[in-house]
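Contents: one structure, followed by commentary.
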Amino acid sequence: MAKTVVLKIKRQVNPDAEPRWEEFELTWKSGMNVISAMMEIAANPVTRSGQPTTPVAYDSNCLEEVCGSCAMLINGKARMACSALVDKLEQPVRVEPLSKFPLVRDLAVDRSVLFENLKRVKAWVPVDGTYDLGSGPRVYPTEQEEAYPMSRCISCCCCMEACPQFNESTGFVGAATIAQVRLFNQHPTGKALKHERLQALMGDGGIQECGFAQNCVEVCPKDIPLTKAISDTGREVMKQAFKDFFRG
Amino acid sequence: MRVFNYPLTKLLNYQILRKGQMAAPPNIIVVGGGLAGLAAVIKIAEAGGHVDLFSIVPVKRSHSVCAQGGINAAKNLKGEGDTTWQHFDDSIYGGDFLANQTPVKAMCEAAPAIIDLLDRMGVTFNRTPEGLLDFRRFGGTLYHRTAFAGATTGQQLLYALDEQVRRYESEGRVTKYEHWEFLSAVIDNTQTGRGICAMDLRTMEVRTFPADAVILATGGIGAIFGKSTNSVVCTGSAQSALYQQGCCYANGEFIQVHPTSIPGEDKLRLMSESARGEGGRVWVPKNKGDKREWKSIPAAERWYFLEEWYPKYGNLVPRDVATRAIHKVVYEYELGIDGQPMVYLDLTHIDRETLDRKLEGILEIYEKFVGDDPHVVPMKIFPGMHYTMGGLWIDFNQATNIKGIYAAGECEYNYHGANRLGANSLLSCIYGGFVAGPQAMQYAKNNAKSTAAVSSAAFDSERKRQEDINIKLINSSGTENPFRIWRELGELMTKNVTVLRYNKNLKDTDAKLVELLERFSHINLGDKSMWANTSFAFTRQLYNMLQLSRVIAQGAAMRDESRGAHYKPDFPERDDKNWLKTTKAKFAADADEPRFEFEPVDISLLPPRPRRYDMAK
């Protein structure tokens, strides 16, 4: 018999429905990943026991691990489904939605909280306008090399899912947003809003909620130096808090 | 001081607005949040307009993130005497003289300032030791003209624009409708676009949205070819819907197949041209059936066929040329690695430090998805469908033939002729958005009859039309699975309508497409629920893909010549006498198929000359 792969997928038709598990057995193909497995299921939506079912709902787009869409729990670990090669996974492959974000359906969740956080910390460079104002500020290769890894954050939210402090009771902003604060505070023009960004990280849900579990840096699919960004930014927030205190 | 200044200016602005009797700023709908869409949004918001921004995915996840290698601009920072005119000449020549020259020239002239702007927005471009922008070489030019941010330039550019849009969003100038899909335009009885009809991809609710102008920036059509380098959302569904409503679709037959992609089960992952730009070499073993591991094959027994055939450009010939060369080596000479349709793309002679600094992102993708480390093992690659040069017909102001509807980015046809040069796509997206935004604003301000004054009948009937389509789909009780029809479509189009095109196959393809459309009417949606039903949304897209496929296949069948990416072995030469013209497809609703007309190409600046890459221009 042809080699097969077995997937156990957690299904839930809507946010109020009861979750249930479905098992699928698919013909093995070379280079198969969790997304291509779900494409197979869509073309032939039948469970392992022969029951017809519906195609699985999930978010995906680029399938190159750069759009950040297809984050889910695979064998219990938050990661991108497109780069989860079936050959490297223990079977049956357990696939579940991220657990800390509102569920939409099956494996799709609502991660808009990150985009709201980015708004809160003003994660942008405040340019004067889009008209031609000549070349940008000089940036030396060493500075570019420090900024570049942080600019590769794909907003997948794996770091937030894995963080023990990211939950409703702390309201913690999470590592991804803090790394963006670090990125923009380093930029020669982005610096202009440094003060406001640091202030946004003070108080409830702010940077002090970080418990240094270091799970974030472990799960980050882009190897962003998240813990370093948090400790560097933490120091800056502290300095700012002192300044504000004595000025206030 | 600061405390008082801000509200005062705000108050002042408010007074000026009131005095100017500008009751409400123009409201523009932008569909699509990739580079072109976001570029348009920024220009509109900056000029005081309000934008409703629609996107299937959160805009930060748009397909532009996949662009790797860079963005072209003749900044001439390498002492090579590069000029915007040279950039223009390379682009027209690379596009085999099919692109309209006036807009291409304007784009090349705007490019250096666009790079400066992106730099000011904080894009982490690679730098020279002096802290200036670094530039690399790319296909189809002899100059270092491509600015880059590692090998994730598209991602960095999209983020920069996304951040500026978020800034406007927080000021209330932009309202985002993410997880909404464009279904159609609302067109009134004067044939004027008045807004759009869209579907909420969670509640599946269908709604109409009025606007003073609409800009479509919905990207590529890769899904039509099944597996491609494109993202999942790049189905061409929106363009096709508009085409079926009366917008012309131009040069649909020009499809770029990228020479170097990584074959995969779910998609063809791009291996950027920058791998060759930084010195990557393409080769195969010289001897047919050579089973040796690559390392044991001595240099003398490796065939660097691009370098041999094109000594001047070498591995950096344009994409269509490289793609055909690889096809020839694999299928005619049967020299693919291990007899498989694959050739080596070799970076192992370049030192690790340089590779990591300039190509890290893409080498990481290869390693992640294939499992080999390209620093030490040559990559195995093969051509894959990558880009559509064709798209919605627009005039030089990005306006479609339906009043009030504009288009920008890959979904329109204006900038790349018969073949796009590498690193010109990011540029054309941003430039197109920068033109479309202000043009749409201008139109909205000058339009005699505002959308507010349009009767609701046009909106009601469009919503009803779309709801009826939904009801019909949900109730369809046939036996066809949409995903299986899609697979057949992809295999059909890839086989017959990509690298080598024969008239007989093209005609058979169109007949087969008619069959697939017939089968579509017997579709059975396994999932009939009305909450976040992704297969339902996909099935709607599939219908539009099928309709647009016919434009591509029929356009290719008609054009009896070879030009850029369009290659017919039976008509191997470019034929300027008969075919130096733009193909325009119009949907004939009564016959349910395209009708074609042609229009002359603007060649006002550069007289067409033969395109050859085996020697300098």
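The values are calculated or read from the model by the stated rules, or taken from the named source; none is laboratory data. Just so it is clear, the model here is predicted, and its values are computed rather than measured. FYI the Cβ positions are ideal-geometry reconstructions off the backbone, even for glycines, and counts take in every protein chain you see.
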Per the filter on segment A:41-50, residues at the interface with chain B (Cβ under 9 Å from one of its Cβ atoms) and in a loop (DSSP other than H, G, I, E, B) are A:Asn44, A:Pro45
With criteria (1) of a type in the set (S, T, N, Q); (2) within 24 Å of B:Glu488 (Cβ to Cβ); (3) part of a loop (DSSP other than H, G, I, E, B), A:Ser36 comes up short on (3)
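With in contact with a His (Cβ under 6 Å, 6 or more places away or on another chain) and within 30 Å of B:Phe459 (Cα to Cα) as the only criterion, which of B:Gly236, B:Gly246, B:Gly219 stands out? Give the steps one after another, and end with the answer.
Working: B:Gly236 fails: in contact with a His (Cβ under 6 Å, 6 or more places away or on another chain); B:Gly246 fails: in contact with a His (Cβ under 6 Å, 6 or more places away or on another chain).
Checking each option against the conditions leaves just B:Gly219.
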When segment B:345-394 is checked residue by residue, the ones that are basic (Lys, Arg) and either within 14 Å of chain A (Cβ to nearest Cβ) or within 17 Å of B:Gly277 (Cβ to Cβ) (or both) are B:Arg357, B:Lys358, B:Lys368, B:Lys380
Checked against (1) within 14 Å of another protein chain (Cβ to nearest Cβ); (2) not in a loop (DSSP other than H, G, I, E, B), B:Thr235 satisfies every condition except (2)
Across segment B:120-130, the tally of residues that are surrounded by fewer than 24 Cβ atoms within 10 Å (Cβ to Cβ) and either facing another protein chain (nearest Cβ under 7 Å) or under 30 Å from B:Arg611 (Cα atoms) (or both) stands at 4
Residue pairs within 8 Å by beta carbon, gap of at least six or interchain, first lying in segment B:438-460 and closer than 12 Å to B:Ile44 by Cα and modelled with pLDDT of 95 or more, second hydrophobic (A, V, I, L, M, F, W, C) and part of a helix (DSSP H, G or I), listed first then second, are B:Pro438/B:Ile44; B:Ala440/B:Ala40; B:Ala440/B:Ile44; B:Met441/B:Ile44
Contact list, first residue from segment B:34-50 and closer than 14 Å to B:Leu157 by Cβ and in contact (Cβ under 8 Å) with a residue 60 or more places away in the chain, second anywhere and β-branched (Val, Ile, Thr) and surrounded by fewer than 24 Cβ atoms within 10 Å (Cβ to Cβ), beta-carbon distance below 7 Å, six or more apart or interchain, is B:Ile42/A:Thr130
Expected output for segment B:307-319 (first residue closer than 14 Å to B:Trp283 by Cα, partner acidic (Asp, Glu) and crowded, with 17+ Cβ neighbours inside 10 Å, Cβ below 8 Å, 6+ apart or cross-chain) is B:Leu316/B:Glu273
Selection from segment B:131-154 of residues more than 8 Å from chain A (Cβ to nearest Cβ), more than 16 Å from B:Asp89 (Cβ to Cβ) and in a loop (DSSP other than H, G, I, E, B) yields B:Asp134, B:Phe148, B:Ala151
Scanning segment A:59-75 residue by residue, those facing chain B (nearest Cβ under 8 Å) and either surrounded by fewer than 24 Cβ atoms within 10 Å (Cβ to Cβ) or among the charged types (D, E, K, R) (or both) turn out to be A:Asp59, A:Glu64, A:Glu65
Residue in segment A:28-40 that is touching a Gly at 6+ places or on another chain (Cβ under 9 Å), within 11 Å of chain B (Cβ to nearest Cβ) and at pLDDT 95 or above present:
yes
Pairs returned, first residue in segment B:331-356 that is under 17 Å from B:Thr260 (Cβ atoms), second residue that is exposed (fewer than 12 other Cβ atoms within 10 Å of the Cβ) and charged (D, E, K, R), beta-carbon separation under 7 angstrom, 6 or more apart or interchain, are B:Leu335/B:Lys288
Listed by first then second residue, the pairs whose first member lies in segment A:133-149 and is more than 7 Å from every other protein chain (Cβ to nearest Cβ) and of a type outside the set (Val, Ile, Thr), whose partner is surrounded by fewer than 14 Cβ atoms within 10 Å (Cβ to Cβ) and outside any helix (DSSP H, G or I), with beta carbons under 8 Å and at least 6 positions apart or on separate chains, are A:Pro149/A:Asp223
Restricting segment B:202-243 to residues that are in contact with a helix residue (DSSP H, G or I) (Cβ under 6 Å, 6 or more places away or on another chain) and surrounded by fewer than 24 Cβ atoms within 10 Å (Cβ to Cβ), the one nearest to B:Ala36 (Cα to Cα) turns out to be B:Pro210
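One residue is enough: does segment B:497-514 have a residue meeting the conditions hydrophobic (A, V, I, L, M, F, W, C), in contact with a Pro (Cβ under 9 Å, 6 or more places away or on another chain) and either surrounded by fewer than 20 Cβ atoms within 10 Å (Cβ to Cβ) or not in a helix (DSSP H, G or I) (or both)?
yes
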So, A:Ala78, is that one in contact with a helix residue (DSSP H, G or I) (Cβ under 6 Å, 6 or more places away or on another chain), away from chain B (no Cβ under 11 Å), hydrophobic (A, V, I, L, M, F, W, C) and not in a loop (DSSP other than H, G, I, E, B) or not? yes
